[in-house]
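Worksheet: the structure to be examined is printed underneath.
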Amino acid sequence: MPAWSGVRQFTVVDRRNEAANIDSFFLKPVDGGEVQGYLPGQYLRFRVKPASEPKPGIATYSLSDRPGLDHYRITIKRLPGGRFSGHFHEAVHAGTVLDVAAPNGVFFLDAAETAPVVLISAGVGLTPLVSMRNALTAAGTGRECWFLHSARSAAEHAFRGERPEGVETRVFYSNPGVGDTGFDVRGRLTPAAAEAVLPAGLYESAIFYICGPVEFLCDHYQALRARGVSKERARYEFFGTTVALD
Ligand SMILES: Cc1cc2nc3c(=O)[nH]c(=O)nc-3n(C[C@H](O)[C@H](O)[C@H](O)COP(=O)(O)OP(=O)(O)OC[C@H]3O[C@@H](n4cnc5c(N)ncnc54)[C@H](O)[C@@H]3O)c2cc1C
């Protein structure tokens, strides 16, 4: 059941730079009503009209923080030549009113499950996984959680420095800048690199959530399947045209 039907208006109450070309937008309902809950990992859809476009279109962005706050947060990477991401970065500021459809999506953390969770992301693909991670830490259930994230360098790493207690965080920089700190592994987060840091037993028991560029996603999904992880335990989301992996 969606939290509301059709479109509801939200005001951008704040905007924050998180990394190079990556900004967060904080939203509150114009009507001052409740900020409805959602399942960590779900996304919002926006009806927006970039100046470059003849008519409005629908843009999809994951909720990037946990449910239960007095606002929604989305975090957008500006793509070169990107219509919607360019529109948000150019034309959406504190005070902008946006048309928003209710939270939706089937890629979410299920609080009824108790198995360990392994979150694997690259680039801006971390957004739904940060929501899941923050929901888990806020719940304080002690559920085992691993957070593996890959960025090129500190400059491109959103939410850098966030290492919540109780979460096994491993940050990979493929091309660290001079003086970059706060990362654990120099190199790409390949399936082999993940295997080198994860306890082997997790492949028998954990639920894996993967989000990132399509090649990254396919590599990790296929490696998990080859290690005997069931489809049910290898969950993924791609930020583009739907991909269906077997
Ligand atoms: C479930 C879901 C959740 C998402 N969550 C997030 C999120 O949390 N954060 C986030 O940043 N994004 C997220 N996305 C992605 C987001 O919805 C947009 O797809 C993204 O912002 C790019 O849209 P755009 O309009 O800026 O780019 P587009 O205009 O669609 O272009 C994308 C890229 O393709 C290039 N391109 C476009 N047209 C052509 C062409 N004809 N020939 C060659 N190249 C072309 C552009 O230059 C650009 O680099 C999510 C997507 C989904 C489906």
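At a glance:
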item	result
Computed lengthening from Glu113 to Lys28, 0.36 nm per intervening residue step minus Cα-Cα distance	27.6 nm
Backbone HN-Hα couplings from phi across segment 155-166 [Karplus 6.51/-1.76/1.60, Hz, Gly and Pro as x]	4, 9, 9, 6, 6, 4, x, 7, 9, x, 4, x
Check: the chain dipole with +1 on Lys, Arg Cβ and -1 on Asp, Glu Cβ, in debye	460
Integer Hz, Karplus 6.51/-1.76/1.60 couplings in order for segment 5-14, x for Gly and Pro	9, x, 10, 10, 8, 10, 9, 6, 9, 7
For segment 7-104, Kirkwood radius (reciprocal of mean inverse C-alpha pair distance, Å)	13.5
DSSP bridge orientation in the chain - percent antiparallel, rounded to nearest 5	55
Gain on full stretching of the segment that runs from Glu215 to Lys49 - 0.36 nm per residue minus C-alpha separation	56.7 nm
Relative contact order of the chain, pairs being alpha-carbon contacts under 8 Å that are 6 or more residues apart, as %	18
Ranked packing of 203-213, 134-144, 70-80, 173-183, most packed first, by mean Cβ within 10 Å	203-213, 70-80, 134-144, 173-183
Residue order, fewest to most beta carbons within 10 Å, for Lys28, Lys55, Lys49	Lys55, Lys49, Lys28
Phi to ³J(HN,Hα) by Karplus 6.51 cos²θ - 1.76 cosθ + 1.60 over segment 182-196, Hz, x for Gly, Pro	x, 10, 9, 9, 8, x, 7, 8, 8, x, 5, 5, 5, 4, 5
For the chain: span of alpha carbons on each principal axis (Å, largest first)	49, 43, 35
Inter-centroid distance (Cα atoms) of segment 13-68 relative to segment 169-246, Å	26
Within segment 7-104: Cβ-based charge dipole about Cα centre, in debye rounded to nearest 20 (Lys, Arg +1; Asp, Glu -1)	280
Charge dipole of segment 117-237 about the Cα centre (unit charges at C-beta), most positive-ward option of Met132, Gly177, Gly142	Met132
Kirkwood Rh (inverse of mean 1/r, distinct Cα pairs), segment 117-237, angstrom	14.4
Relative contact order for segment 117-237, counting Cα pairs under 8 Å that sit 6 or more residues apart, in percent	28
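We did not get these values from a lab; they are worked out from the coordinates using the rules stated. None of these values were measured; they are calculated from a predicted model. Positions of Cβ are backbone-derived with ideal geometry, glycine not excepted, and every protein chain shown enters the neighbour counts.
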